[in-house]
Amino acid sequence: MEARPDLANIEDVVDGAEPPRRARRSAALTIITASETQTARDCLQKHHFKYREKLRTKVDAPALAIGSIFHRGMSTGLRAGWLDVDGLDIEQRVAKQTAAATSGIDDLVNKWMAKRIEHGRDLDFERLATEAEETAAMVKWMLGHYFHVTRGDLERLILVETETPFSVPLRDVRGRPVKHLISQGVRDAVFYDPTYNALDLHEHKTVGQNPRDIDRRAEMDPQTTTYINSLIEDLAAGRLKLATTGEPVPRDAVVGRLSYNACKKKVPSTPKVNQDGTVSVAAIDTLATMYVAALDEQANVRKIPVTEKQYAKAKELADKGDTFFARVEYQRTPAEIERWRREAFMDASRIREANRNPDARTRNPGHCSMAWSMKCEYRQLCLDPESVELRGQFRVVDDIHTEVREAEAEADTPA
Ligand code: SF4
């Protein structure tokens, strides 16, 4: 068994010195993404299955599939809101965004369902048809709601890019780019704010719970620091241009502002109307505006006066605010970016070590064994790694960073 590298070797890498000979020989890792780093931090065995053996599920799990369908719609909608909008007012631009964002959703959902059928996951066609319809309706509502509540962006910001791949070198402690480590990824959206001469990075997340809970986690997300670092590099290199005019973003723009946008994967419930025509005051997960609209109909169409309890319910919902969308804004300081930079080298070093030394490829059941843990797609294989039958349930990808390659292909496709 090969000896593990000592801390001195890691520091050599951090300082940008020539990497040790053995590390260079076995360091298949040249490109690193936030997803790969996160997978390695979660569990090195999982990283091995996903990035060394290149095993991927044949069908995306619902959370992943819905997230990527939402992102496709979001990116189409953002472009529609900023490009070719001469003469349109804000309401028309929002309508244009929503129409463009939602136009391809049925197709994307149907493709996902078709894959599920193809790979024999689900053969209850009736239930699948209902699920497809509900999923498409939900994603369309989420997109429409997003563009409705973020309409202020249209007045305040200028679109720079959306779903754009990046590839930037990591720098050593003296600021020199290192040759053996490149940071790649795909930024959800970047805007230029002319009032503050600042670049805003926007991240879009689809969540199962109250989106406001995201504020407890967003600031710790290292993925966004990866993106901020890439923005700093791309800005300095003059690679950022306003999508609207093609003019370069001013090189002295401030970089570090982040908006974390969380959208709940749910359609608000329609307020229930009792047999006597009154709107129910039972607990309900909806928007205050929808509840007030139902009360309005009760009072003006069915001519039934609104009760004290109903007023109280409407106020309760209004006090709760929007429980279907939340935006958390924060800033990445130079000190945090520097800390991320050093950690990126340490992560790369750990991954290289796990790649060449099976003993370093430790499992982390703490990541997958709790009732609230995300399900690990490699669980069965983890328990029986030699099983040919289990391996047959996965596909082997050509490139481990598929999300970046797909975004590159999309960027190269003429509009
Ligand atoms: S099942 Fe758990 S321990 Fe095994 S690879 Fe997945 S996350 Fe790691």
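No value in this document is a laboratory result; all are computed from the given coordinates. The structure presented is a predicted model; accordingly, all values stated were derived computationally and were not measured. When we count neighbours, we look across all protein chains shown, and the Cβ atoms used for this are built from the backbone with ideal geometry, even at glycine.
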- Task: Place a +1 charge on the Cβ of each Lys and Arg in the stretch 271-323 and a -1 charge on the Cβ of each Asp and Glu, then give the dipole magnitude about the Cα centre in debye, rounded to the nearest 20.
- Result: 140 debye
- Message: Using Cβ contacts closer than 10 Å as the measure, can you line up H145, H119, H202 from fewest to most?
- Response: H119, H145, H202
- Item | DSSP beta bridge pairing in the chain, given as percent antiparallel to the nearest 5 | 70 percent
- Item | Shape parameters for the stretch 279-329, alpha-carbon atoms, Rg then Dmax in Å | 12.2, 44
- Message: Per 0.36 nm of contour for each residue apart, how much would the distance between A335 and I31 grow if the chain were fully extended, relative to their Cα-Cα spacing?
- Response: 107.1 nm
- Query: What is the fewest-to-most order of R174, R41 by other Cβ atoms lying within 10 Å of their Cβ?
  - Reply: R174, R41
- The answer for GluC sites (Glu not before Pro) in the stretch 320-414 that fall in a DSSP coil and have at most 10 neighbouring Cβ atoms within 10 Å is E386
- Note on the structure: Ranked on Cβ counts within 10 Å of their own Cβ, fewest leading, S103, S259 go S103, S259
- Message: Tell me the Rg and the Dmax, in Å, that the Cα atoms of the stretch 91-183 produce.
- Response: 20.5, 61
- Message: Run the simple label-point estimate for E133 and K320 please: 7 Å along Cα→C-beta, distance reported in nm.
- Response: 2.7 nm
- Task: Please tell me the relative contact order of the chain in percent, rounded to the nearest whole number, where contacts are Cα pairs under 8 Å and at least six residues apart.
- Result: 23 percent
- Task: Mind scanning K179/K241; K111/K205; K205/K266; K140/K264 and naming the pairs with a C-alpha gap bigger than 19 Å?
- Result: K179/K241; K111/K205
- Query: Taking every pair of alpha-carbon atoms in the chain, what share in percent sits in each 20 Å bin, from 0 to the bin with the longest distance?
  - Reply: 22, 52, 23, 3, 0
- Here the gain from full extension of D86 to R216, 0.36 nm per residue of separation minus their alpha-carbon distance, amounts to 42.8 nm
- Item | aspartates and glutamates whose Cα lies under 12 Å from that of K115, excluding same-chain neighbours fewer than 8 positions away | D60
